[in-house]
Structure formats: structure tokens, C-alpha cells
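The values are calculated or read from the model by the stated rules, or taken from the named source; none is laboratory data. Note that the structure is a prediction, hence the values are computed from the model and not measured. Cβ placement follows ideal geometry from the backbone for every residue including glycine, while neighbour counts extend to all protein chains displayed. Accessible surface areas use protein heavy atoms only, side chains included; no ligands, DNA or RNA. Shrake-Rupley method; radii C 1.70, N 1.55, O 1.52, S 1.80 Å.
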Amino acid sequence: MTGKKFTTSSFIEGKKKNEKISMLTAYDYSTAKLLDEAGVDSLLVGDSLGMVVLGYENTLQVTVDDIIHHCKAVARGAKRALIIADMPFLSYHVSVEESVRNAGRMIQEGNAHAVKLEGGEEVVDKVRAIVRAQIPVIGHLGLTPQSVNLFGGFKVQGKSEEQAKKMIQDALLLQEAGVFAIVLECVPEALAKLITEKLSIPTIGIGAGKYCDGQVLVTQDMLGMFSDFKPRFVKQYAQLGENMKIACKQYIEEMRTMEFPDKEHTFAMDEEVLSKLY
Ligand code: KIV
């Protein structure tokens, strides 16, 4: 899809018309501009920021201010895509009031169009209140990285009958609470398909198979720029990391041999003025 602005209604329309919804993460102006120009429907300022941009071990140290700072830059770069700000760890866990205030800051200061938060039944009161404050919310079920310490690592979720039933129940609860879409992360394909069929709002998968209504990937992963680890569900569409290293090595070599900067990269000075300086 290209052209007119992608909105939360476009998510619902996409599901109705069976048109897949594309989402990628973005954290800065120039990348957001490139991805938006490429026609991506939605940009998520994810708390994956902590890992792929800030170099933390997980997402838990990311703050509301971090997301707002990066969201502002993304919003300046994107003209068409819907911008979603991720609510970081502890920003919606303490109280309903604090959750609404933090979500509001994402819109008011970060220029996001919507917020995302992780979890099901445990957060549904916060979701309801944020939606009531006229802020669109996208849910996130399955492997919710902010629960990494509870899960004991980054593992596929929903494999047991009990887990799967809870996830279906959570998805229905979130839909009822007013979310406009749900991210399903690291979920068996068959379960993601079943949840997708049960919902009237779209599912956006990451490691959840092809039957979701859309897909999301971390941009650094899919462009081959993040080498600490590569989740199995990631497809690398480019090797930008390797290309960056090649370009960087060439620059170092050329500046050492004075092949760079060349005439075309250099400013000349009037000879007469110059002679007066010696
Ligand atoms: O933070 C993030 O990038 C995410 C996506 C992986 C869905 O939550």
C-alpha cells in the first residue's frame, strides 16, 4: 500500500480486505524517512531500541524519555506511516493514572499516533483507560520481552494447552478493551492462525507464521545490521552491516593514502588572498 496516510482505520480495513499490513521498527529520522518512502504502513518505535541501538542486554532499561526522544525523530522522518510508540517496562504497570499519563506523553511529546503495550488480562484495565483517553492502543502477546525474567529467556510461547488457551482469552479481552491490533511474537503458526481467525481486529506477527494479518520485524535484524544474535524467525533482506564495514574500510584506506578528500570534495581559495597569509 502506498499514497494516503495509513491510520488505525487502515489496519481494520486491511484485515477486512485481506490486505497484509507491513510494520518495521524505526528509531531515527533518516531511517524512518527511508522506510516511509519505501512504503511501509507502520513504524514502531519499539523498546528493542534498548538492544539494537543502545546496546543493553534486554529491553528493561529503556525509559519513557528514551522512547519519546527517538519517537520525535521518527515522526519528523515519516509522512505516511502510522507511528506507534512502545510503552517501556514500568511505564504502565504501577497504576492506571500513570499509564494514561505516560501514554499521553508519547502522543503529546513524541508525536506518536498510537502506543503499544505488552500483556493480556493483567494490563487490560490500563488498556481500557488509555483508549478512553482517546489514545489508540496496539496489544502485544506471546513472547513479551519485558517479561524475559519471568519466562527465563526469549522462548516460543503458547505451546501448551494452558498457555494457548490463556493467549486466546487474552486476545479476546484486549479486543474487547478496544485495541486496534495485536502483535503476536514467537507463537506457533497454528495458534497465531486460530487467534487471527477469532479476532475482528488484525494480528501482526513476528515469529508467528504467515497467517497473521501483517508482519513486523526489527529493522536492524532484517537489514543485517545487528550481529549480537539472529532470532530464527528473522529473514535478512540485506547485509548492510557487512556493506558498512566494507565502505568504512575503504574510507580509512583512502584517507590514509590521501585519495580522499579529492578535488570534488574540497573548497578552493583565491591565490592572491592566500599569498597574503604567508
Ligand atoms: O520492541 C519491539 O521492537 C517490538 C517488536 C519486536 C514487536 O516490540
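Taking region 165-180 as the search range and keeping residues that are aliphatic (A, V, I, L, M) and open to solvent by 20 Å² or more (accessible area, probe 1.4 Å), which one is nearest to His93 (Cα to Cα)?
Filtering region 165-180 down to residues aliphatic (A, V, I, L, M) leaves 167-168, 171-174, 177, 179.
Still in the list and also open to solvent by 20 Å² or more (accessible area, probe 1.4 Å): 168, 172-173.
Numbers: Ile168: 22, Leu172: 21, Leu173: 18 Å.
Looking at the filtered set, the residue picked out is Leu173.
If you check Leu90, Leu117, Leu141, Leu82, which single one turns out to be of a type in the set (A, V, I, L, M) and open to solvent by 40 Å² or more (accessible area, probe 1.4 Å)? Spell out how you get there, then give the answer.
On the way: Leu117 fails: open to solvent by 40 Å² or more (accessible area, probe 1.4 Å); Leu141 fails: open to solvent by 40 Å² or more (accessible area, probe 1.4 Å); Leu82 fails: open to solvent by 40 Å² or more (accessible area, probe 1.4 Å).
Being of a type in the set (A, V, I, L, M) and open to solvent by 40 Å² or more (accessible area, probe 1.4 Å) holds for just one of Leu90, Leu117, Leu141, Leu82, which is Leu90.
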Being within 14 Å of the ligand (Cβ to nearest atom) and open to solvent by 20 Å² or more (accessible area, probe 1.4 Å) is the filter; apply it to region 181-217 and report the residue that is nearest to Ser10 (Cα to Cα).
-> Gln215
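Phe154: assigned by TED's automatic domain parsing to the domain that holds Leu49 and surrounded by fewer than 18 Cβ atoms within 10 Å (Cβ to Cβ), yes or no?
Details: assigned by TED's automatic domain parsing to the domain that holds Leu49: yes; surrounded by fewer than 18 Cβ atoms within 10 Å (Cβ to Cβ): yes.
Taking the combined requirement at face value, the residue satisfies it.
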Pick from region 218-232 the residues that are part of a loop (DSSP other than H, G, I, E, B) and within 10 Å of the ligand (Cβ to nearest atom): which of them is nearest to Asp41 (Cα to Cα)?
-> Val218
